[in-house]
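A short worksheet on the structure shown next.
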Amino acid sequence: QVQLVESGGGLVQAGGSLRLSCAASGRFFTITTMGWYRQAPGQQRELVATITSGGNTNYADSVKGRFTISRDNAKNTVYLQMNSLKPEDTAVYYCNADIMVVLALRPLTYWGQGTQVTVSS
């Protein structure tokens, strides 16, 4: 069974930084795209950033220039470095990965349990 386990959330003042990590474990062949999404109270889950196995990245306009997504393929881990945090970045952040597992015909999408990020003003 595949699991995504996140860490690194917490409380930080505006202008501060946090680094989120998400490690995939279990039996699988390969991970294609990995990403981070977030959901604030009363709002829909939204894309923050994604990264392909080849390192191509995509960011939401709201985080461009402040957040950096990266991955370590050897460790099956994706990171999100968040700098210059703003109160509007407050949300539960979810890790996401498309993973090729045994007997699957295409990559399946998995989600982490979420980690709270709170930015105080």
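Yes/no per residue for (1) of a type in the set (K, R); (2) under 13 Å from C22 (Cβ atoms); (3) modelled with pLDDT under 95; (4) touching a helix residue (DSSP H, G or I) at 6+ places or on another chain (Cβ under 6 Å):
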{"position": "S70", "(1), (2), (3), (4)": "no, yes, no, no"}
{"position": "N83", "(1), (2), (3), (4)": "no, no, no, no"}
{"position": "E88", "(1), (2), (3), (4)": "no, no, no, no"}
{"position": "L103", "(1), (2), (3), (4)": "no, no, yes, no"}
Worksheet item: So N56 clears everything in (1) at pLDDT 95 or above; (2) of a type outside the set (S, T, Y); (3) surrounded by 14 or more Cβ atoms within 10 Å (Cβ to Cβ); (4) over 21 Å from A40 (Cα atoms) except one condition, right? Which one?
Response: (3)
Worksheet item: If a residue has to be part of a strand (DSSP E or B) and out of contact with any Gly (no Cβ under 9 Å at 6 or more places or on another chain) to count, how many in segment 47-81 make the cut?
Response: 6
Practice prompt. Any chance you could count how many residues in segment 66-121 are of a type in the set (G, A, S) and exposed (fewer than 13 other Cβ atoms within 10 Å of the Cβ)?
Written response: 4
Worksheet item: Do we have any residue at all in segment 29-46 that's on the phi > 0 side of the Ramachandran plot and without any contact (Cβ under 8 Å) to a residue 60 or more places away in the chain?
Response: yes
Discussion item. Name the single residue that is modelled with the lowest pLDDT among those in segment 5-27 being of a type in the set (S, T, N, Q) and closer than 16 Å to Y93 by Cα.
Written reply: S7
Discussion item. Which residue is nearest to G54 (Cα to Cα), if the candidates are limited to segment 20-44 and must be open to solvent by 60 Å² or more (accessible area, probe 1.4 Å) and part of a loop (DSSP other than H, G, I, E, B)?
Written reply: F29
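The values are calculated or read from the model by the stated rules, or taken from the named source; none is laboratory data. What you see is a predicted model; the values in this text were computed from it and never measured. Don't worry about glycine lacking a Cβ; one is built from the backbone with ideal geometry, like all the others, and counts go over all protein chains shown. SASA here: full protein model, heavy atoms, side chains in, ligands and nucleic acids out. Shrake-Rupley method; radii C 1.70, N 1.55, O 1.52, S 1.80 Å.
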